[in-house]
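Peer 1: The structure that follows is given in the form of structure tokens.
The values are calculated or read from the model by the stated rules, or taken from the named source; none is laboratory data. Computed from a predicted model, the values in this text were never measured in an experiment. To get the accessible areas, we keep the full protein, side chains included, count just its heavy atoms, and leave off ligands, DNA and RNA. Shrake-Rupley method; radii C 1.70, N 1.55, O 1.52, S 1.80 Å.
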Amino acid sequence: MSGLVASITEKSMESEKTLQKMLNQLEFRGDLTATILYLDIGYIAQTPKLSVDSNTSSRDDILLVFDGEILNYKELLGVNHRELSSIQELSYDSIISAYLMWGKEFVKKLEGPFALILFDKKNGQMFAARDQMGIKPLYYHLNNKNELFIASELKSIIQTVKKLEVNYSTL
């Protein structure tokens, strides 16, 4: 089971430290080795170690980190899909193909439990989504510096909050 973290922040040591704290909260998922990549608009990481060759799109303009399983990958890929070595690889390929075909609306066509973060270099956009049933969770936090943090664990998001307070008026 992998864990996902990402941020839309300026490149800085503080941002990298925050992302590392977020990743440390995923320790219970097993292998904590992760690759942290800085993109033009922020950071993206996945555990176990993100492998650009096997766990992401082979296209240079799209980077995908993903946890889950796409059950309708054959339908999304159609008959012209290339031979891939695993169901996980098929899921990655089907997600990228669906995104290229339908844009952000592609998530409505995905069947199965999933959480994903997709970075489209060509458009300079980061996109996050999860399955409609919420089987694979995905949390986010927007702080007062307009920095966005995304993670598959709430414990990771708590690392981005400086001070936790209870808003009693909402209880």
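Peer 1: Per-residue HN-Hα couplings for the stretch 133-146, Karplus 6.51 cos²θ - 1.76 cosθ + 1.60 at θ = phi - 60°, whole Hz, x for Gly and Pro?
Peer 2: Computed from phi, the couplings for the stretch 133-146 are 7, x, 5, 9, x, 8, 10, 9, 9, 10, 8, 6, 9, 6 Hz.
Peer 1: Another question, then. Rolling a 1.4 angstrom probe over the protein heavy atoms, how many square angstrom per residue are accessible across the stretch 106-163?
Peer 2: Details: 3370 Å² over 58 residues.
Accessible surface, normalised per residue, equals 58 Å².
Peer 1: May I pose another question? Non-local amide H neighbours of A128 (under 5 Å, H modeled in plane, Pro and chain starts lacking H): which ones?
Peer 2: Residues meeting the amide H criterion: L118.
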